[in-house]
Structures are given as structure tokens and as C-alpha cells.
Amino acid sequence: MATSQLDPRFVTLTAPATFAAERYQGLRLKLEQLRQRDGKRVIAITSPGAGDGKTLTSINLAGVMARESDARVLLIDADLRRASTSLNLGYTSGTPGLADLLDNDTHQLAKLVQRSEHGAFDVLPAGSSSSPVQQLFRSPRLKTILDDARERYDHILLDTPPLLPVFDAALLARVVDGIIMVVAADRTPRRLLAAALDHLEPSSVVGLVFNNDNSPLLGYHSSAYKPYFATLSSRA
């Protein structure tokens, strides 16, 4: 059972009425359109390198997708080497999850998902296994698990490892419907982004997120937004 105090950067869960939280609504609309138009519901979130903000985006996106909605949302921690989503949401390293499902066909998805105590979405923690990660992601069980999730949820989000240190996300890209690439604004070198994109089919990338982009939108000073939000934050 998760018991944790959330990092305030998870704004869609901690401060949903802010400007920072509202910036995730555009991404939500994009994913809703993809599902309605093309049936895409399994989306992986990745980045070129560590620290670009993929987990921040994954959790905030799960929060905004489920907020004030009847949509059934599942957030899967597919970063089995680091388990950032699990740790940030308060799950311990021993909590069963995706790795256990992949390693043992007696486990069932419905038995291992947990309701988040922070938002109206379900979570499948990373779990643990003694098997090599790439062996797990090459297992036919992966597609079976995601097919089961498709039957149960309207939107399935996977927080995956960064693309360049390891090839896990490239393996996962073969079984998802689309990929969101998270880039740290003013920090991720273009050559690293280009190298990361080389690991993916161009058509699989459905969105590009610039994390920590503090540039004002449409040239407006932040005070122009005050009537729309309870508080303002430049972080997204």
C-alpha cells in the first residue's frame, strides 16, 4: 500500500487549479483525440536521457487524464531498472507489479494493480524479478498483459526508461500505440534528441513535451493569466 507525500511538482495532483497544471490539459486533449480517432490508448512516455522529466510527465498526465472524467486510466511503471514512478507514488521496491507479471504467468493484472491514493487512476508498480530486463520485455507475456489492460482501461500510460542509456524503451515501443518524447527545455542537446529518435519509428512519436519550459506563452506577461487560475507557477 502506498503512503507518501507527493512532490509539489506533480501539479495535476497537488495544485490542479494552477497554470502549470493547465499546461497538461493540451496533452490530455491530444491523447483523447488519438483514442477517439485512431483507437490509440497505450502510450509510452520516454526521454533521450535521465533527468529530462519523463516520470514527472507520466504522473502529471495520469492525474490530468483521470481528473473530472469517467475515463479509466492505468499508469504502468515500466522503468524496471529505476522504478521512479513507483517510488514517487510511495510504493516500496517489494511491491509486486509489472516485472512479476512478466516473469510469472500465474500472476494476473487485475490482482496487482492498485488504486492511487493521490488521484482517480490505477497504478501498476514496477515490481521485481531476477530475470534480465530485456528478457522480460521480449516475452510474449508483455503483449498479453497490455491486451488485458486494453480491455479494462480507456488510457494506459507507461513510464519507460530513457532511450539512450538502455534499449528497454525501444523494445516497449514495438507493442504500444504511440510514444511521447519528453525533452528538458534548454538542456537536452539536439544531438541526443536526434539519437533517441533514431531508435524509434517516426510515425510512433505522437507528442513532444518540453519540460521546464519557462518561456511565456503567446508573449503575454504572467499577470495576464491571473483571472484564470488560483495561483501561477512557471513550472510544467
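The values are calculated or read from the model by the stated rules, or taken from the named source; none is laboratory data. Worth saying up front: this structure is predicted, and the values here are computed from it rather than measured. Every residue, glycine among them, receives a Cβ derived from its backbone with ideal geometry; neighbour counts consider all protein chains shown.
Quickly run through the range 48-83 and pick out the residues that are among the small types (Gly, Ala, Ser) and closer than 22 Å to SER129 by Cβ.
Step one: of the range 48-83, the residues among the small types (Gly, Ala, Ser) are 49-51, 53, 58, 62-63, 66, 69, 71, 78, 83.
If the condition is that a residue be among the small types (Gly, Ala, Ser) and closer than 22 Å to SER129 by Cβ, then ALA50, SER58, ALA78, ALA83 are the ones that fit.
Say whether the condition of being without any contact (Cβ under 8 Å) to a residue 12 or more places away in the chain, of a type outside the set (Val, Ile, Thr) and over 25 Å from PHE137 (Cα atoms) is met by at least one residue in the range 50-67. Talk me through it step by step, then tell me what you get.
From the range 50-67, those without any contact (Cβ under 8 Å) to a residue 12 or more places away in the chain are none; that's our starting set.
No.
Filter the range 180-195 down to the residues that are under 12 Å from PRO48 (Cβ atoms) and touching a strand residue (DSSP E or B) at 6+ places or on another chain (Cβ under 7 Å), then identify the one that is surrounded by the most Cβ atoms within 10 Å (Cβ to Cβ).
Pass one, the range 180-195, residues under 12 Å from PRO48 (Cβ atoms): 181-184, 187-195.
Filter once more, so that each one left must be touching a strand residue (DSSP E or B) at 6+ places or on another chain (Cβ under 7 Å): 181-184, 193.
Numbers: MET181: 26, VAL182: 22, VAL183: 24, ALA184: 21, LEU193: 20.
Step by step, filter the range 180-195, then rank; the result is MET181.
Please tell me if GLY207 is surrounded by fewer than 19 Cβ atoms within 10 Å (Cβ to Cβ), touching a Leu at 6+ places or on another chain (Cβ under 7 Å), of a type outside the set (A, V, I, L, M, F, W, C) and touching a residue at least 60 places away in the same chain (Cβ under 8 Å). Before you say what the answer is, go through the steps one by one.
Values: surrounded by fewer than 19 Cβ atoms within 10 Å (Cβ to Cβ): yes; touching a Leu at 6+ places or on another chain (Cβ under 7 Å): yes; of a type outside the set (A, V, I, L, M, F, W, C): yes; touching a residue at least 60 places away in the same chain (Cβ under 8 Å): yes.
Yes, satisfied.
Are any residues in the range 139-161 in a loop (DSSP other than H, G, I, E, B), in contact with a helix residue (DSSP H, G or I) (Cβ under 6 Å, 6 or more places away or on another chain) and either among the charged types (D, E, K, R) or farther than 26 Å from ALA120 by Cβ (or both), and if so, which ones? I'd like the intermediate steps shown before the answer.
Our first condition is that a residue be in a loop (DSSP other than H, G, I, E, B); within the range 139-161, this holds for 139-140, 153-154, 160-161.
Of the ones still in play, those that are also in contact with a helix residue (DSSP H, G or I) (Cβ under 6 Å, 6 or more places away or on another chain) are 139, 160-161.
Across the range 139-161, the qualifying residues are SER139, PRO161.
Looking at the range 162-171, which of its residues are surrounded by fewer than 24 Cβ atoms within 10 Å (Cβ to Cβ) and either outside any helix (DSSP H, G or I) or among the β-branched types (Val, Ile, Thr) (or both)?
So the first thing to find is which residues in the range 162-171 are surrounded by fewer than 24 Cβ atoms within 10 Å (Cβ to Cβ), and the list is 162, 164-168, 170-171.
If the condition is that a residue be surrounded by fewer than 24 Cβ atoms within 10 Å (Cβ to Cβ) and either outside any helix (DSSP H, G or I) or among the β-branched types (Val, Ile, Thr) (or both), then PRO162, LEU164, PRO165, VAL166, PHE167 are the ones that fit.
Does VAL113 satisfy being under 25 Å from GLU32 (Cβ atoms), of a type in the set (Val, Ile, Thr), touching a residue at least 40 places away in the same chain (Cβ under 8 Å) and buried (at least 16 other Cβ atoms within 10 Å of the Cβ)? Outline the logic, then answer.
On the way: under 25 Å from GLU32 (Cβ atoms): yes; of a type in the set (Val, Ile, Thr): yes; touching a residue at least 40 places away in the same chain (Cβ under 8 Å): no; buried (at least 16 other Cβ atoms within 10 Å of the Cβ): yes.
So VAL113 fails the test.
LEU74: under 15 Å from the mean Cα position of the chain (by Cα) and at pLDDT 95 or above, yes or no? Talk me through it step by step, then tell me what you get.
Values: under 15 Å from the mean Cα position of the chain (by Cα): yes; at pLDDT 95 or above: yes.
Yes, satisfied.
Just give me the residues in the range 37-49 being touching a Gly at 6+ places or on another chain (Cβ under 8 Å) and either without any contact (Cβ under 8 Å) to a residue 40 or more places away in the chain or polar (S, T, N, Q) (or both), in sequence order.
SER47
Conditions (1) of a type in the set (Gly, Ala, Ser); (2) crowded, with 19+ Cβ neighbours inside 10 Å, marked per residue:
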{"residue": "GLY94", "(1), (2)": "yes, no"}
{"residue": "LEU102", "(1), (2)": "no, yes"}
{"residue": "THR106", "(1), (2)": "no, no"}
{"residue": "PRO125", "(1), (2)": "no, yes"}
{"residue": "LEU136", "(1), (2)": "no, yes"}
{"residue": "LEU142", "(1), (2)": "no, yes"}
{"residue": "ASP148", "(1), (2)": "no, no"}
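Failed condition for VAL11, given (1) in contact with a strand residue (DSSP E or B) (Cβ under 9 Å, 6 or more places away or on another chain); (2) surrounded by 22 or more Cβ atoms within 10 Å (Cβ to Cβ); (3) closer than 16 Å to SER116 by Cβ, with all others met?
If we test VAL11 against (1) in contact with a strand residue (DSSP E or B) (Cβ under 9 Å, 6 or more places away or on another chain); (2) surrounded by 22 or more Cβ atoms within 10 Å (Cβ to Cβ); (3) closer than 16 Å to SER116 by Cβ, just (1) comes out false.
Of the conditions (1) crowded, with 19+ Cβ neighbours inside 10 Å; (2) over 13 Å from the mean Cα position of the chain (by Cα); (3) within 25 Å of THR95 (Cβ to Cβ), ALA50 clears all except one; give me its number.
All conditions pass for ALA50, except number (1).
Restricting the search to the range 122-141, which residues are more than 17 Å from the chain's Cα centre (by Cα) and closer than 24 Å to LEU89 by Cα? Explain how you work it out, then say what you get.
In the first step, residues of the range 122-141 are kept if they are more than 17 Å from the chain's Cα centre (by Cα); the result is 128-141.
Scanning the range 122-141 gives SER128, SER129, SER130, VAL133, LEU136, PHE137.
Given the conditions (1) out of contact with any Ser or Thr (no Cβ under 9 Å at 6 or more places or on another chain); (2) assigned to a helix (DSSP H, G or I), and given that SER130 satisfies all but one, which numbered condition is not satisfied?
(2)
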